[in-house]
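Nothing in this text is a laboratory measurement; each read-out follows from the coordinates by a stated rule. These numbers were taken from a predicted model, which means no experiment stands behind them. Neighbour counts are summed over all protein chains in view; Cβ atoms, including those assigned to glycine, are modelled from backbone coordinates with ideal geometry.
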Amino acid sequence: MSEQPEGETETDSAAETETIEQLRQSFWYGSRSNLDFKYLKDLSDAEFGDFVQEMLAAVSATMDTGDAAAVIDTAYRWQIQAYRGHLGDPNDFPHRYEDVPINAMAKPLAQSRLTLVTSSGHFVDGDDPKPFGVESMTQAEAEARIGEFLREAPSLSTIPVDVDVSQLRVRHGGYPTASMRADHQVGFPLGHLTDLVTDGVIGELNPTAYSFSGAASQVRLKKTVAPEWAQRLADDGTEAVLLVPI
Amino acid sequence: MSVGHVQRAIEQVGIPAVSVCVKAFGHIPELMGLSRSLITQHPMGRPLGAPGDGERQRAVVEAALALLDSPDQVIVEFAEPYRPM
């Protein structure tokens, strides 16, 4: 059997060849976009080969045992390796600080008001932040417009802590949201915090929790938005904050 | 990274704060000079635990809140590995 289809020239074949680099990058908001594996873009070709080899071995083991632990572990280990490389030299990290702003609790947490802030992109149905003026933007649309999100300042959604969970929505162009749709407490733990108030661990919750999409202009967030939000929390009477990222 | 900017700003107005951080970004708290961080051995997108794993989610939240007692910078790892339900 010929390796080259009849009538196809060598030049045509070469034009359709996908390089390993193109293959890796296709998982990063490309033709094979998968936010759980977008990190493959940041591997070298050799590392990508190692990843595929390890993942296939893990899948083979799973076929015999039915235990997917090896598959999950492989995905997890390579995620860590890729994201560490993604930032490059730590000395060149643009948001590196030598100081550590920190305050001690004025009183025990059991007597304090706690506020929940997440960068998960949660909001309440009917109070959509409408990015770029778009009504009911889907998760897929948010992923497709990730470049625009990364240039814009984030907006802060307010969420009553006694919200009916069925009214929670989540959308974020930068990470896979399926897990949070299945169970919002994966990253927006209102129920657990409410239980901790009942159990006396937390004094009270700020009646308002906050969420934003962390896929945003980091410069705008740092210079103007974050200081405004922090002052808003102070005005709320917040005495401690739990932040949950993606 | 975005949470890091917010956490620093919150501390700068005088409010104690603690953040959770998945291991893939576990190097960020030190680089950004964050006050208190709990690093979980969870994949990105599942910071507190797997869907349906309320026991793990609550344990992570409690472990993070316990760090608020520290008057000094503290960055520690939650010991338990990820467990899908």
- Going out from 0 in 10 Å bins, what whole percent of all Cα-Cα distances in region B:2-81 drops into each bin? 20, 53, 25, 2
- Query: So how far apart, in nm, are the two label points at A:Ala61 and A:Ala106 if each is 7 Å from Cα heading toward Cβ?
  - Reply: 5.3 nm
- Residue by residue through region A:220-237, the couplings from Karplus 6.51 cos²θ - 1.76 cosθ + 1.60 with θ = phi - 60°, in Hz, x for Gly and Pro, are 5, 4, 5, 7, 10, 5, 4, x, 5, 5, 4, 5, 4, 5, 5, 5, 6, x
- Task: Ignore the peptide's own chain and count Cβ atoms of other chains within 10 Å of each Cβ in A:71-82; give me the average, rounded.
- Result: 3
- Task: Provide the gained length on full extension for the span A:Ala144 to A:Asp89, in nm with one decimal, where the gain is 0.36 nm per separating residue minus the Cα-Cα distance.
- Result: 16.9 nm
- Message: Under a crude label model (7 Å from the Cα following the beta-carbon direction), how far is A:Arg32 from A:Glu135 in nanometres?
- Response: 3.8 nm
- Note on the structure: Per GNM of chain A with C-alpha springs under 10 angstrom, the most fluctuating residue out of A:Leu109, A:Leu221, A:Leu56 is A:Leu56
- Note on the structure: In a Gaussian network model of chain B with springs linking alpha carbons closer than 10 Å, the residue among B:Gln73, B:Gln12, B:Gln57 that fluctuates most is B:Gln12
- Applying the Karplus parametrisation 6.51 cos²θ - 1.76 cosθ + 1.60 with θ = phi - 60° to the phi angles of region A:154-166, what ³J(HN,Hα) value in whole Hz is obtained for each residue in order, glycine and proline being reported as x? x, 10, 9, 8, 9, 10, x, 5, 9, 4, 5, 4, 5
- Item | Mean ellipticity per residue at 222 nm, deg cm²/dmol - from DSSP H runs of n ≥ 4 across the protein assembly as shown, formula -39500 (n - 2.57) | -10000 deg cm²/dmol
- Note on the structure: Counting other chain Cβ atoms within 10 Å of each Cβ in A:97-108 and taking the mean gives 6
- Query: Non-local amide H neighbours of B:Arg83 (under 5 Å, H modeled in plane, Pro and chain starts lacking H): which ones?
  - Reply: B:Ala50
- Query: Can you list the residues, at least 5 places off or on another chain, whose amide H is less than 5 Å from the amide H of A:Ser120, using H built in the peptide plane?
  - Reply: A:Phe212
- Message: What Kirkwood Rh does region A:109-244 have if only Cα atoms enter the pairwise 1/r average? Answer in Å.
- Response: 15.4 Å
- Item | Candidates A:Val134, A:Val225, A:Val186, ranked by Gaussian network fluctuation over chain A, Cα under 10 Å, top entry | A:Val134
- Shielding by partners for A:109-115, please: the mean number of other protein chain Cβ atoms within 10 Å of each residue's Cβ. 2
- Query: By the scheme Lys and Arg +1, Asp and Glu -1, what is the net charge of all other residues having a beta-carbon under 15 Å from that of A:Arg171?
  - Reply: -4
- Note on the structure: Listed by chain and number, the residues whose amide H is under 5 Å from that of A:Ile202, excluding neighbours fewer than 5 places away on the same chain and using placed H, are A:Val197
- Message: Just to check I understand the Karplus step: with θ = phi - 60° and J = 6.51 cos²θ - 1.76 cosθ + 1.60, what whole-Hz values come out for region A:74-85, glycine and proline as x?
- Response: 5, 4, 5, 5, 6, 4, 4, 4, 5, 6, 5, x
- With r as the distance between the Cβ atoms of A:Arg77 and A:Ser166 and R0 = 35 Å, compute the FRET efficiency 1/(1 + (r/R0)^6) and round to 0.05. 0.45
